[in-house]
1. Considering the Cα positions of segment 6-48, please state its Rg to one decimal place and its Dmax as a whole number of Å.
2. Given a cut-off of 28 Å, name the pairs among LYS123/LYS243; LYS168/LYS304; LYS10/LYS332; LYS123/LYS255; LYS134/LYS299 whose C-alpha atoms lie farther apart than that in the structure shown.
3. Report, to the nearest 10°, how far helix 98-107 tilts away from the longest principal axis of the Cα atoms in the chain, using its own Cα long axis and a range of 0 to 90°.
4. Three principal axis extents, largest first, for the C-alpha atoms of segment 336-427, in Å?
5. So for the chain, taking the charge dipole from beta-carbon charges (+1 Lys/Arg, -1 Asp/Glu), which of ASN201, ALA150, ASN347 sits furthest toward the positive end?
6. Using a cut-off of 15 Å between beta-carbons, work out the net charge of the residues near LEU293 (Lys and Arg +1, Asp and Glu -1, LEU293 not included).
7. Could you work out the relative contact order of segment 328-421, using alpha carbon pairs under 8 angstrom and six or more residues apart, expressed as a whole percent?
8. For segment 275-408, what is the Kirkwood hydrodynamic radius in Å, using each pair of distinct C-alpha atoms?
Amino acid sequence: MNRKEKREKKRELNILNELVTIIKQYFPDLLDKFEGLTDLRNQSYVKYKMKVIFMVRLLGLMCEMKSMQGMTRELNTNESIENIAQICDLELEEIPHCDTINDVFEKVKVEEIEEIRRYMINKLIRGKIIKKYKIRDRYYHIVIDGTGLATSRKKYNENCLVKNKTDKKGNEYQEYSTYVLEAKLIVGEMVFSIGSEFVENTKENETKQDCEIKAFKRLAEKIKSEYPKLKILISGDALYASKPVMDICKENGWKYVIRFKEGSIPSLYKEFETVVKKANESKKANYEYVTGLDYEEEKINVIKYTDTKQETEFVYITDLPITNKNIENTVKKVGKNRWKIENEGFNIQKNGTFDIGHLYSKNQTAIKVHYLMIQIAHILRQMLEKGIKEIKELKLKLREISQTLKQELISTIKNLTVHSKIQLRFD
């Protein structure tokens, strides 16, 4: 395809219509769920319905509007107002100001936003469009990792984590931050948020600062409660190579493949190094493994893969059955896919189009709601990017998709009536 053909095909695109079709077809109750959120506003002064508040924020995120004030300003066109009114199926004279949106976000129940995400993930699972990405045709692969969001030298709310730091001149100071532990469902080249747990200081843990492992226990409880029958395979970095994490997986009926380093469980690592020299069970070059190693009444399998090109070793512990037939697939499709949470997840959300590091509000509840709305927007944007044939053929970059969507939304009144279904293809 030459440049002229690409320009012509790009002009024929109707990304906004594709987005609305995805929402209506795959998540038909999404707008109703936004409208059904608990509304604690004084109803005498309410001007905008809840679904308008949340759809404006969702579209702002999809269009790469990285500040709340900028979003209010850019969406303030007659075309944008009419398009949003069509999506929400109501009459609309103006869009809500960013202060109005943040006021709602400070009062809404976080667990109700999490329930909307659960609804979306369940629709995808039950719709069977992600079934082929299961590991060993059985397990949904979930990767766990944490990431920092906003940081400041000023304490912006009572839930901030605090660290003592020293600047380049040797001056000591305290850094306040927001940190979240995230669970991403790996779907081919896509990563869908399936659970989030904030690492934060609360009245319950005021005597000792919260940490990632404590947050994992809470996150695991959430995931098990929300997806009680889902067969899950957990992956994580070496921080999670520990008996408490293994116990949680066992109690929940989950499997695990976790990165393993010598400092994680020194006794187990030493035993593996000793045994594998004498009884390596692998017949494949660059692979070593030993099954059934004893560790605190558990049987652990340990795998080592040596990447000769990069001169790097990767070691994993797992309770999955390991054989010469499946070891290569286990390392490449499970072990190495752990990086997708960083590359396709956090990196895109920080440096791509969503800017999760931006402090959209100082209120802790609103911070969580903004973060969860980014996760919902990211699910939709990946489905748009990876599932629409025309977008894939044009090889549009993320920014091109966002900018094209924005121009359609704010400059042209579209006919957003959904007349036909689309077939998403993620290959």
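1. Considering segment 6-48 through its Cα atoms, Rg and Dmax are 17.0, 51 Å.
2. Values: LYS123/LYS243 34 Å; LYS168/LYS304 40 Å; LYS10/LYS332 36 Å; LYS123/LYS255 23 Å; LYS134/LYS299 24 Å.
Cα-Cα > 28 Å for LYS123/LYS243; LYS168/LYS304; LYS10/LYS332; rest within.
3. Relative to the chain, helix 98-107 is tipped by roughly 50 degrees.
4. 41, 39, 22
5. ASN347
6. On the way: positive: LYS243, LYS270, LYS277, LYS278, LYS299, LYS304; negative: GLU262, GLU271, GLU273, GLU281, GLU288, ASP294, GLU296, GLU297, GLU298, ASP319.
Here the count lands on -4.
7. Details: 26 pairs, mean separation 17.8, N = 94.
Relative contact order for segment 328-421 comes out at 19 percent.
8. Values: mean 1/r = 0.0537 Å⁻¹.
Value: 18.6 Å, from the Cα pair sum.
The values are calculated or read from the model by the stated rules, or taken from the named source; none is laboratory data. Everything numeric here is computed off the predicted structure, so don't read it as measured data. Cβ: placed from backbone, ideal geometry, glycine included. Neighbour counts: every protein chain shown. Ligands, DNA and RNA are stripped out before the accessible areas are found, and what is left, the full protein with its side chains, is counted by its heavy atoms. Shrake-Rupley method; radii C 1.70, N 1.55, O 1.52, S 1.80 Å.
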